[in-house]
């Protein structure tokens, strides 16, 4: 199974390490990578920022519990994707091996000798002949019986988003044809597209609830533009649905997770810059929840750090 990079890896401790071990590892790494001991070393500064972010999470019991739950969810998702791919490969191999002709010939011969089979065939033939005679005798009935417009009511595909209501949008149905136009064309294809939008409200950064980190959960820097987070699988790929994250009214970037209610797993992870929008497109139709969290960076991060007690 693919390894999930966590804050435990950043501090070089095990997932069940007590607070004493976490604190000792943090002090050792701080002495090695502190900017005062490495002036002008950008790599040491980046590593120190990652170490500080990891310690802020693991030193807080509540945030550490949330991080452990996130690790369990991500590992379950990766394991599910890998097992699904393995099953698909086995099914393809089994399908190739099962293409050999089966023994249907004896059964087909028995059906040919069964008088009930011949009786049913004759009954269908007689019924078809009677219907043809009836239609030719009453020409006025044929257009009414066969002039089906071929247009069904499209089914809307919605995305469940607790912070904001989703807006279903369906492709417009084709106009109904004339009563006798059935003979000139076939049944039109029905196409629907489910579109949902989440509008993130503007808010002042909350140091107690917002995500205070200069790096993504995997330890890498946040993307410079709105995009999917690298290192995370992009699941539920299809062509019937899309979800737009509208962060244009918010001065803070947001970390977004798209949660599949049927699979009970996160299928998309994205980072949306402030005053911007990002679309999670090419989704299979289904029921989803959009989970988002404001990210405190820059000046807001310094303000939150000044409010926290020194470790």
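Take the Cα of residue 134, step 7 Å toward its Cβ, do the same at residue 80, and the gap between the two points is 5.2 nm. So what is log10(I(q)/I(0)) for the stretch 1-95 at q = 0.19 1/Å, when the Debye sum runs over its Cα atoms only? So the normalised log intensities are -0.89. Equivalent-ellipsoid semi-axes for the stretch 244-300 (Cα gyration tensor, √(5λ), whole Å, largest first): 24, 12, 7. One chain, two ends: residue 21 and residue 123. Fully extended at 0.36 nm per residue, the span grows by 28.2 nm beyond their Cα-Cα distance. Full extension of the segment from residue 38 to residue 277, taken as 0.36 nm per residue of separation minus the current Cα-Cα distance, would add 82.2 nm.
Here, each number is a calculation from the coordinates, and none is a lab measurement. Worth saying up front: this structure is predicted, and the values here are computed from it rather than measured. So basically every Cβ, Gly included, is an ideal-geometry build from the backbone, and we count neighbours across all protein chains shown.
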